[in-house]
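**Q** I'd like to ask some things about the structure below.
Every read-out reported here was derived from the displayed coordinates using simple, explicitly stated rules and does not represent laboratory data. Keep in mind that this is a model prediction, so the values were computed, not measured. Here the Cβ positions follow ideal geometry from the backbone for every residue, glycine too, while neighbour counts run over all protein chains shown.
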Amino acid sequence: MKITLKRTEEQVELIKAMASKNRDVAYEAQVALAEFIGPVLAEVVNQAPTLSNLFTNFSFNEDDNASIPLDLYYDITDEDYLMVWSQQVAGGLPTNTATPVQSEMKFTTYRLDSAVDFDKRYASRSRLDVVSKTFTRLAQEILLKQDRNTASLIFGALAGASQGTGKVASTKGKAHVIGANSSGQLLLDDFNRLMTRAKRINTSWAGGTPVGEGNRGVTDLIVSPEVVQSLRAMAYNPINTKTSPAGDTTSGITATDDMRNAIYNNAGIPEFYGVNIMELQEMGKGQRYNKIFAGFSPAVETDATGAVAAFSDSSHEIALGLDRSRDTMLRAVATDAETGSEFSLVADDQYSVRQNKIGYYGSVEEGRMILDNRALFGICL
């Protein structure tokens, strides 16, 4: 992420005015810059390719007591209750609430904020690069807090579908997390089995094919760099899970020439087997998101045979699958009544003349919820 202020005559004069010895002139310039850069920061935060931006946004006035009419999101004949996952406070554990489909669901919002400052001499010298870096850091800190809260909610909802200690997280008797054929390696068969598992979980209220939604399944898979490495390796490694036609177990079956060429020429792997691949550094053994999932102590299938064991951060790795075709992952964000911006940026007036500082305070008020964990899946590698 990088925010850059263009070196125009108007912006240079505005930055210089922030360092004025006249306190009224300096404060007016700081407020003017905040009003200009606030909507820009909101757009940057909302478009960053992070885990938090997998949620569908909807806005409400910050003074409203907002709610969601669940019957508009689901067929009221589908189920009597929905298991809604949400957080009451920023950084808190996700909680599961059984909510009637016909009800109006109130949700809790929380404030994520950050404060930054820089020396006035940079403003007096028209150092737009320093001012730009300051706002970049502010946006980065907000994004970091959003990602921490989002990861706790998503992985908590996936792990919390468990029906008790030692039991598999399941819907209609089907586990949400399947075991991979080979530890630490993702094969075509793993994609294939995950798609089938998603179909069996996402049935209609009558237990059959959803009308007009027969393509419910996995649309995105969030994985570690090591998993993407195993996908690239399909260009030169065997991909079969069964023996060769002659029964020779030592001979691997390679992918087709077209498939291997496509993998070789497109090392980024943006899409594989019709599933979008999202690579995150926080995924993988010993990494942040893997530890969050392991912290909920879920019992999952650990291999393709269906064997169940407790997920271990040191020996297992989770690949997160999402069905983004359904409006189940929602982010409610408050908008400022005056500016209409989702990002509130104000000049920080805590500094005295002797401190020779210029500061800004930014915040976002939001609330996240997962209305149905049937849109969450995983592969244990």
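**Q** Quick one: if you stick a label point 7 Å off each Cα along the C-beta vector at Glu9 and Asp189, how many nm between them?
**A** Modelled inter-label distance: 7.1 nm.
**Q** Continuing with the same structure: May I ask you to compute the full-extension gain from Ser103 to Ala48, defined as 0.36 nm times their residue separation minus their alpha-carbon distance, rounded to one decimal in nm?
**A** Length gained, Ser103 through Ala48: 16.4 nm.
**Q** Determine the distance separating the Cα centre of segment 327-381 from the Cα centre of segment 1-73; give it in Å without decimals.
**A** So the two Cα centres are separated by 10 Å.
**Q** Val40 to Val308: FRET efficiency via 1/(1 + (r/R0)^6), r the Cβ-Cβ distance, R0 51 Å, to the nearest 0.05?
**A** In this case the efficiency is close to 0.55.
**Q** Let me ask something else. Which stretch or stretches of segment 1-35 have amide N atoms under 14 Å from the point lying 7 Å from Arg127's Cα along the Cα→Cβ direction?
**A** Residues passing the 14 Å test: 16, 19.
**Q** Quick check on the exposure proxy: order Thr50, Thr254 from fewest to most C-beta atoms within 10 angstrom.
**A** Result, fewest neighbours first: Thr254, Thr50.
**Q** Within a Cβ distance under 9 Å of Ile277, other residues only, what is the Lys/Arg minus Asp/Glu net charge?
**A** Local net charge: -3.
**Q** If R0 is 41 Å, what FRET efficiency do you get for Asp349 and Asp220 from their C-beta distance, rounded to 0.05?
**A** Between Asp349 and Asp220 the formula returns 0.40.
**Q** Please count, across segment 1-157, the pairs of lysine residues with Cα atoms under 16 Å apart that sit 8 or more places apart or on different chains.
**A** Counting lysine pairs in segment 1-157 gives 6.
**Q** Determine the gain in length on full extension of the stretch Tyr273-Ala32; use 0.36 nm per residue of separation and subtract their C-alpha separation, reporting nm with one decimal.
**A** Extra length from Tyr273 to Ala32 when fully extended: 81.8 nm.
**Q** With a 10 Å Cβ neighbour count serving as the proxy for reagent exposure, in which order, fewest first, do Ile239, Ile37 appear?
**A** Ile239, Ile37
**Q** Could you list Glu366, Glu317, Glu62, Glu338 so that the one with the fewest beta carbons within 10 Å of its beta carbon is first and the one with the most is last?
**A** Taking fewest neighbouring Cβ atoms as first place, the list is Glu338, Glu62, Glu366, Glu317.
**Q** Tell me, what ³J(HN,Hα) does each residue in segment 306-312 have, in order and in whole Hz, if you take phi through Karplus 6.51 cos²θ - 1.76 cosθ + 1.60 with θ = phi - 60° and put x for Gly and Pro?
**A** x, 5, 10, 7, 5, 5, 10
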